[in-house]
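Below: one structure, written as structure tokens.
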Amino acid sequence: MTLKFLHFADVHLGVENHGRFDPFTGLHTRVQDFIRCLRFAVEEAIKEKVDLAVFAGDAYRTCDPTPTHQREFAAQIKALSDEGIPVVMVTGNHDHPVSFGRASSIDIFSTLDTPEVHILARPRLLRVKTKAGPVQIAGLPWPSRSQLLTRNEYKDLFDDEVAQKIQEICAGIIQDFADQIDPRHPALLVAHVAAADALYSGSERTSVIGRDPIFLTSVLANSAFDYVALGHVHRFQDLNPSGGPPVVYCGSLDRVNFGEEKESKGFCIVTVRDADGAGEERQGLPLFSLEGPQPPQTHRRETAYRFVRTPARPFLTVEVEIPPETDPTQALLDAIARHDLEDAVVRVIYDLSDDRPDVVDLKTVRTALDPAFFVASVTRKPREAERLRRASVSEETGLQDALARYIENNPDLSRLKPDLLSCAARLEQELQESEKG
């Protein structure tokens, strides 16, 4: 048996930064960019004659997409469905509603009972029939804190304790999935999670600061799976390149901001092939036998993947250090002329010494930037203020004392000191009262 499938994630339809409204289509130009990349991925998958498509979360920018964004995303999912390609989607953190009990942004596909489309809003082991044969898919959606905190035994936990508990629960779920896998058939883990070993782009980095669970690669790289398809991190990478199975973030389809400027954007085409030549003989066997002992794994499979780049919008930063005695405007024009601006979102940052006035002719500079798709900014690089000795603040330091020391190291805030300290006092009082209650 040879299984070929599409692994894509982090579409983020609805991102509207660094663009403009297009009067001819009624869409924001950046929305058009993301649609173009999504359509490219779907068309490439159809051209490759894939047997399956797995989406690892974050269809939209928010959990409340506009009808227009829903229409555009649904059109591409329908294109896969119309080709008889099963689509399995797990919910990401951007798909999850803020309030517990509300529907996710992709639940509508379950309601409409779209043929060949499966939504995994909760952890679940799914059996999917494909043209190549049966496939086992273990789905792990974004582990929502709100679901855990609805249970009485967890509602009083601190943030770090909640994250730790979620990690433990999800690790157990992954192992439970692995224990149920029938080794005669390909098995995938599809998850929208933050991994400890991942390299982050910047736009998703806030998810790993203190509040949300972080998963070890060793937990995700369970040998029961032939491939681990991850979403959430926008940079393409394999966290388990020297072992098996591959643990792959396919990355986002287009750039969200300048933090992703130097990254390639795209998706993966994955092939899982029986290495012992016995795949064809096993296709007639039942997919699962959950009662009684599982058959021993007497064969092995080979997994290979290929990263395919999308026509993502290029982002370009032109950084210019202006030498002394050089005309600032001319220095910027010379630097701009050395770059290809065509179709790019561009920003210009110039460094001018403190003793020189900022006399850059912005109108002339912006004229030179006309070939760019969009000019995000032309700004002077801020000078780092002389670093002051950091105030000594420990866990025992009260909020007011910590704030007072911070203000001492930031003279610009001195005029706001009375108001800030007053607010801090009220917060401390409210905290004390809530703890007593």
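Quick look at the values:
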quantity: Matching option when the condition is at pLDDT 95 or above and within 22 Å of the chain's Cα centre (by Cα), among Ala163, Ala138, Ala121, Ala103; calculated: Ala138
quantity: Answer residue from region 223-238, given it is charged (D, E, K, R) and over 13 Å from Leu253 (Cβ atoms) and is farthest from the chain's Cα centre (by Cα) among those; calculated: Asp226
quantity: Residues within region 43-83 that are more than 21 Å from Pro311 (Cα to Cα) and in contact with a Lys or Arg (Cβ under 7 Å, 6 or more places away or on another chain), tallied; calculated: 1
quantity: Residues of region 322-342 satisfying the condition of being surrounded by 13 or more Cβ atoms within 10 Å (Cβ to Cβ) and either assigned by TED's automatic domain parsing to the domain that holds Ala9 or in contact (Cβ under 8 Å) with a residue 24 or more places away in the chain (or both); calculated: Ile322, Pro328, Thr329, Leu332, Leu333, Ile336, Leu341
quantity: Residue, nearest to the chain's Cα centre (by Cα), within region 332-378, restricted to residues that are part of a strand (DSSP E or B) and over 19 Å from Gly19 (Cβ atoms); calculated: Ile349
quantity: Meets criteria (over 30 Å from Lys262 (Cα atoms), at pLDDT below 85, surrounded by 14 or more Cβ atoms within 10 Å (Cβ to Cβ) and not hydroxyl-bearing (Ser, Thr, Tyr)) for Leu403; calculated: yes
quantity: Of all residues in region 249-282 being surrounded by fewer than 21 Cβ atoms within 10 Å (Cβ to Cβ) and among the hydrophobic types (A, V, I, L, M, F, W, C), the one that is modelled with the highest pLDDT; calculated: Phe258
quantity: Exclusive hit being modelled with pLDDT under 95 and assigned by TED's automatic domain parsing to the domain that holds Glu48, set Leu352, Leu285; calculated: Leu285
quantity: Residue within region 43-57 that is buried (at least 16 other Cβ atoms within 10 Å of the Cβ), at pLDDT below 95 and in contact with a Gly (Cβ under 8 Å, 6 or more places away or on another chain) present; calculated: yes
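The values are calculated or read from the model by the stated rules, or taken from the named source; none is laboratory data. This is a predicted model, so every value here is computed, not measured. Cβ atoms come from the backbone with ideal geometry, glycine included; neighbour counts cover every protein chain shown.
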